[in-house]
Amino acid sequence: KGGGRKYSFTRSVAIKVSIDIYMMSIRKKSGGPDGKYYESSETIAKFESVRQWLMKNCKKNTQSDPPNNKLLANLTCSMLQFQEDAFGKHVNNPALTKLPVHLFEDFSAGGTLCIILGTAYRVKTEQSWRRFDFLIPSRMDRGLELFMAIHRDLASCRIWEPPRVYLSPGLPNASRYMEICKRHQGAIVTNEEEATHVIIGIPGLRDLRDGEYYRPLQNRGKSILVHWCYYPDSYNSVIPIGELGMGMGMGPEVIE
């Protein structure tokens, strides 16, 4: 299910990567998308395979107003922004859980982004929308309707579903994690094999929440894509190498 079971540690992000965790203080302040990334010619070009798939497999919903790569890039960016505005951590009792960003970054033909955008165009046709204008405050109900359909389609394809969480025995503050799980429409399971996420207490390890820590993920030219500890992947940032201030090199086990 999108990469397998996730293990979360209440005192450390992950034992295996603890030596590859660094500290700095320029974390993104929200989980919204990087607009410049979706405006770049390199990113827009990646949507060609998605566009071709949509025109072939969603012809009924795209032929009246065929999308181009730039339009698809703008739509994807807008959908990510809507997720942050409507379901982000600043929202009390959000109607839905934010979908992982990596689902929007699969540009392969028939991949998760194709399914997401295919659903978007189907809903647009079914509801007779003239345009995707769900970022307008008065049209937020459209965005909610759209994401409810996307959640259903991804679940029916068994690509993504609400989390099933296993809490290790003796986990401190277990009730807190149960409440978080409930807020994200998840379920607590008693069998670890049934879980999509496993939360494990590791006593005695340093608490990374005392500062802003990150883990480098991917080389992007003169910049690095980094993941911030204790934050979802929507907070991942692309930071110039010169601003990272890391005192050690990054080997192939860190940078893909």
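Bear in mind these aren't lab numbers, they're just calculated from the coordinates by the rules spelled out. Just so you know, these numbers come straight off a predicted model, no measurement behind them. Glycine gets a Cβ as well: all are built from the backbone with ideal geometry, and neighbour counts include every protein chain shown.
Based on the mean of other beta carbon atoms within 10 Å per residue, what is the order of 61-72, 103-114, most packed first? Please report the intermediate quantities before stating the final value.
Values: 61-72: 14.8, 103-114: 17.3.
Per-residue mean Cβ counts within 10 Å order the peptides as 103-114, 61-72.
Excluding Gln52 itself, what net charge comes from residues whose Cβ is under 14 Å from its Cβ, given Lys and Arg +1 and Asp and Glu -1? Before the final figure, lay out each step's value.
Values: positive: Lys46, Arg51, Lys56, Lys59; negative: Glu48.
Net local charge, Gln52 excluded: +3.
Once label points are set 7 Å from the Cα along Cα→Cβ at both Ser64 and Ala155, what is their separation, rounded to one decimal in nm?
The modelled label-to-label distance comes out at 2.9 nm.
Report, in listed order, any pair from Lys182/Lys222; Lys70/Lys98; Lys70/Lys124 with a Cα-Cα distance greater than 30 Å.
Working: Lys182/Lys222 41 Å; Lys70/Lys98 24 Å; Lys70/Lys124 18 Å.
Table pairs above 30 Å Cα-Cα are Lys182/Lys222.
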